[in-house]
Amino acid sequence: MSNLLTIEQRQAFEEQGYLLVQGILDEQVFDSLRHVIASAINDRAELLYNEGKISSLYEDLSFYHRLTQILRESQKGPLLGWNWNKEVFSREIYELAIQPVILDIVASLIGPEITVNGDYWVRFKMPTGGQSVFPWHQDSIYYNGNADPNQQVTLSEQSQILTIWIPMVDVDEQNGCLQVIPGSHKQGLRPSHHDENGRMVPVEDVESWGKVENVSMSVGDIFVFGNLTFHRSLENNSEDIRWSIDLRYSPTDSPLEWFHEKWPGFIARSQRRPETIESWEIWRKKRTLSNLA
Ligand SMILES: O=C(O)CCC(=O)C(=O)O
């Protein structure tokens with residue numbers, strides 16, 4: 001097992017349900033990803049332009065503004081922050097997910113048999129104030145909606161799913177950083193209901209369980225949290241889109257078959273059977289078969 005995380009860091013993760021690791025990703029990692037995302041924005045712009053829903057392709061606007069303008073003109077309702085998966089599926093996402101520093105951190109928390117789950121998200125939190133809030137939730141509550149109805153146990157509570165949350169811009173209270181509740185994972189899976197935007201919101205006063213912490217981060221930092229840790233993201237009151245990526249990892253033998261059928265992932269690291277590690281080509285093939293490439 002890797003020594004990248006210290007015992008103190010591992011204990012802090014166990015205790016609090018999350019861990020901030022600062023300055024571990026090289027900024028160059030994001031150059032190629034920005035191209036992938038810019039290309040997805042371009043595809044969206046061309047589609048909407050051809051449908052007559054926008055009057056310009058807004059090619060002169062920057063990575064931080066172009067999508068806002070495109071969506072503002074094309075959407076009738078509130079301008080919500082949303083996320084992309086299939087739209088940005090690429091070798092660049094694969095390369096990010098297998099960054100050795102990330103896999104070392106994941107390995108030191110869940111062991112050396114690591115699967116990257118297919119539900120990664122590139123998120124564009126729009127600069128639209130209150131509309132851009134992502135309410136308190138445990139990630140498990142979203143997996144429950146997709147759980148195999150024939151299973152007697154709550155797979156998503158039993159399975160360990162780590163999120164690695166990666167900002168592509170510096171984040172703080174102004175532009176919608178994450179917030180977490182230390183120790184909230186110890187409450188187990190809590191009941192929630194859908195809000196008017198289809199997002200899950202807890203039925204209990206989760207803020208009474210601990211002091212709410214802001215997760216201010218710089219580009220190059222990563223934030224790790226578990227599937228039972230209550231977190232949310234604040235409103236984006238800046239002028240720019242808050243771009244971020246979240247990746248998810250599980251021990252390879254987790255009972256998550258139903259999940260991998262929906263969002264095919266890949267084996268990223270294996271100490272026991274290194275020959276089972278799956279290449280970009282294998283992942284692409286799986287996703288193509290699921291119509292997700
Ligand atoms: O990035 C955000 O605004 C929210 C992300 C989140 O809730 C998650 O990754 O589970």
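The values are calculated or read from the model by the stated rules, or taken from the named source; none is laboratory data. For clarity, every value in this text was computed on a predicted model and none was experimentally measured. Neighbour counts run over all protein chains shown; Cβ positions are idealised from the backbone, glycine included.
Annotation for the stretch 233-245: at least one member residue is basic (Lys, Arg) and touching a residue at least 40 places away in the same chain (Cβ under 8 Å). Number of residues in the stretch 210-240 that are aliphatic (A, V, I, L, M) and either more than 13 Å from Asp172 (Cα to Cα) or surrounded by fewer than 19 Cβ atoms within 10 Å (Cβ to Cβ) (or both): the value is 5. The number of residues in the stretch 175-191 being assigned to a loop (DSSP other than H, G, I, E, B) and within 14 Å of the ligand (Cβ to nearest atom) comes to 3.
Within the stretch 248-261, the set of residues being away from the ligand (no atom under 13 Å from the Cβ) and either touching a strand residue (DSSP E or B) at 6+ places or on another chain (Cβ under 7 Å) or closer than 28 Å to Met168 by Cα (or both) comprises Ser250, Pro251, Thr252, Leu256, Phe259, His260. Would you list the strands (runs of 3 or more DSSP E) that sit entirely within the stretch 197-293 and hold 3 or more residues that are more than 20 Å from Glu92 (Cα to Cα)? The qualifying strands (runs of 3 or more DSSP E) are 200-202, 213-215, 222-226, 231-233.
The set of residues in the stretch 193-228 that are within 14 Å of the chain's Cα centre (by Cα) and either without any contact (Cβ under 8 Å) to a residue 12 or more places away in the chain or near the ligand (Cβ under 10 Å from one of its atoms) (or both) comprises Phe223, Phe225, Asn227. Inside the stretch 64-108, residues that are within 16 Å of the ligand (Cβ to nearest atom), assigned to a helix (DSSP H, G or I) and of a type in the set (Phe, Trp, Tyr) make up a count of 0.
Sort out which residues of the stretch 1-59 are among the hydroxyl-bearing types (Ser, Thr, Tyr) and assigned to a loop (DSSP other than H, G, I, E, B), and write them in order of number. Please lay out each step first, then the result.
Step one: list which residues in the stretch 1-59 are among the hydroxyl-bearing types (Ser, Thr, Tyr), which gives 2, 6, 18, 32, 39, 49, 55-56, 58.
Ser2, Thr6, Ser55, Ser56, Tyr58 - these are the residues of the stretch 1-59 that are among the hydroxyl-bearing types (Ser, Thr, Tyr) and assigned to a loop (DSSP other than H, G, I, E, B).
Given the options Ile245, Ile241, name the one that is touching a strand residue (DSSP E or B) at 6+ places or on another chain (Cβ under 8 Å), within 16 Å of the ligand (Cβ to nearest atom) and closer than 25 Å to Ser184 by Cα. Full working, then the answer.
Numbers: Ile241 fails: closer than 25 Å to Ser184 by Cα.
From the options Ile245, Ile241, the qualifying one is Ile245.
Yes or no, residue by residue, for (1) modelled with pLDDT under 95; (2) within 19 Å of the chain's Cα centre (by Cα):
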{"position": "Ser244", "(1), (2)": "no, yes"}
{"position": "Pro255", "(1), (2)": "yes, no"}
{"position": "Phe266", "(1), (2)": "no, yes"}
{"position": "Arg272", "(1), (2)": "no, no"}
{"position": "Glu278", "(1), (2)": "no, no"}
{"position": "Lys286", "(1), (2)": "no, no"}
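Considered as a group, the residues in the stretch 170-221 that are in contact with a Ser or Thr (Cβ under 6 Å, 6 or more places away or on another chain) and among the acidic types (Asp, Glu) include one that is farthest from Arg232 (Cα to Cα), and that residue is Asp170. Scoring Ile282 on the criteria (1) within 13 Å of the ligand (Cβ to nearest atom); (2) at pLDDT 95 or above leaves a single failure, condition (1).
For the stretch 33-73, give me each residue that is farther than 29 Å from Leu247 by Cα and in contact with a helix residue (DSSP H, G or I) (Cβ under 6 Å, 6 or more places away or on another chain). Scanning the stretch 33-73 gives Lys53, Ile54, Leu57, Tyr58.
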